[in-house]
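The values are calculated or read from the model by the stated rules, or taken from the named source; none is laboratory data. Just so we're clear, the structure is a prediction, and the values are computed from it rather than from any experiment.
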Amino acid sequence: MNKNKQLLYEKQAEIAKSIAHPLRMAILDFLNNSDQCVCDIAEYVGSERSNISKHLAIMVNSGLLSYRKEGLKVIYS
């Protein structure tokens with residue numbers, strides 16, 4: 001296997017791991033409709049903001065989500 005294929009498979013595995021949790025699947029489903037702030041995501045899935053932030057960080061680090069700041073809010077897409 002060449003180096004490019006190996007890197008591709010590693011990235012795909014990282015993405016698969018980043019969504020391999022029921023809460024993360026719910027977050028992705030919620031974000032499918034529109035960009036949302038952490039407070040709205042936490043309310044939708046029924047979890048604490050700190051817990052949601054940890055899950056969001058995993059998905060951002062894998063390249064699955066992006067975010068931007070709007071004042072004090074962090075908006076994920």
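Any idea which of Arg68, Arg24, Arg49 is modelled with pLDDT under 95 and of a type in the set (Lys, Arg)?
Only one candidate qualifies: Arg49.
Say whether the condition of being of a type in the set (Val, Ile, Thr) and more than 16 Å from Gly63 (Cα to Cα) is met by at least one residue in the stretch 24-39.
For the stretch 24-39, residues of a type in the set (Val, Ile, Thr) and more than 16 Å from Gly63 (Cα to Cα): present.
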